[in-house]
Amino acid sequence: MDSPNDLPPPPAKAQLRARLQAGRAALEAQIAALTDAQLVARAEEDAWSVKDHIAHLTAWEAGIAALLRRESRPAAMGVTQEVFEEEGFDTANDVIFAAHADEPLARVLAESHRAHEALLAALDALSDEELRRPYATFETGEAGEPDAPQIWGYIAGNSFGHYEEHLPWIRAAVEALGPG
């Protein structure tokens, strides 16, 4: 979901955008191969459906897009500042899951597309130089530590890197449903 410090050198914006679009295409291809029933079914009561994964990815993508616009990341994700800062990712993910568990599939898919377009627009508004700025620059407006993780890593971690993390879980969620 977020950026490790040991990422390779920052890409140019065009490279980052191309990687984002390729990652999104892989996610969309996986989703398109499934029926609506496969997208919403849960193998077990507390298991995530594919729709739940999509809602989760959407929340994190919407959050990073908001941060790039210098808006509240937690608010865009549908979590409180306290949950985001103090209770950790697991609690934030639980809040996101609960908020979208009963949401209709069509709405989750539409929100996913809106969040992705918002991220592309926010990315397009940045320069290559801005992509090298620390996360804190976008969160607080302050320069941040020069050796702090750069924002481009968070963009990657909350978009195509996050998709790559969830694709095996999405496949496993469908496989757990059994033949059908």
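The values are calculated or read from the model by the stated rules, or taken from the named source; none is laboratory data. From a predicted model like this one, the values you see are computed outputs, not experimental measurements. FYI the Cβ positions are ideal-geometry reconstructions off the backbone, even for glycines, and counts take in every protein chain you see.
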Quiz item: Quick check, is E61 closer than 20 Å to P149 by Cβ, touching a helix residue (DSSP H, G or I) at 6+ places or on another chain (Cβ under 6 Å), of a type outside the set (F, W, Y) and not in a loop (DSSP other than H, G, I, E, B)?
Solution: yes
Quiz item: Of everything in segment 134-150 that's among the hydrophobic types (A, V, I, L, M, F, W, C) and outside any helix (DSSP H, G or I), which residue is nearest to E71 (Cα to Cα)?
Solution: A143
Practice problem: Kindly list the number of the only condition in (1) at pLDDT 95 or above; (2) buried (at least 18 other Cβ atoms within 10 Å of the Cβ); (3) not β-branched (V, I, T) that fails for L105. | Solution: (2)
Quiz prompt | Filter result for A76 (at pLDDT 95 or above and within 20 Å of K13 (Cβ to Cβ)) | solution = no
Quiz item: Name the pairs: first residue in segment 59-88 and without any contact (Cβ under 8 Å) to a residue 24 or more places away in the chain, second residue surrounded by fewer than 14 Cβ atoms within 10 Å (Cβ to Cβ) and assigned to a helix (DSSP H, G or I), Cβ to Cβ under 6 Å, at least 6 apart or on different chains?
Solution: P74/Q81
Exercise. Would you confirm whether any residue within segment 89-100 is surrounded by 14 or more Cβ atoms within 10 Å (Cβ to Cβ), assigned to a helix (DSSP H, G or I), out of contact with any Asp or Glu (no Cβ under 8 Å at 6 or more places or on another chain) and among the polar types (S, T, N, Q)?
Key: yes
Exercise. Only residues that are buried (at least 20 other Cβ atoms within 10 Å of the Cβ) and either among the charged types (D, E, K, R) or part of a loop (DSSP other than H, G, I, E, B) (or both): list them for segment 153-180, please.
Key: N158, S159
Quiz item: Could you list, in sequence order, the residues of segment 108-132 that are surrounded by 14 or more Cβ atoms within 10 Å (Cβ to Cβ), under 20 Å from W60 (Cβ atoms) and not small (G, A, S)?
Solution: V108, L109, E111, R114, H116, L119, L120, L123, L126, L131
Practice problem: Say whether the condition of being under 15 Å from the mean Cα position of the chain (by Cα) and either assigned to a helix (DSSP H, G or I) or basic (K, R) (or both) is met by at least one residue in segment 36-50. | Solution: yes
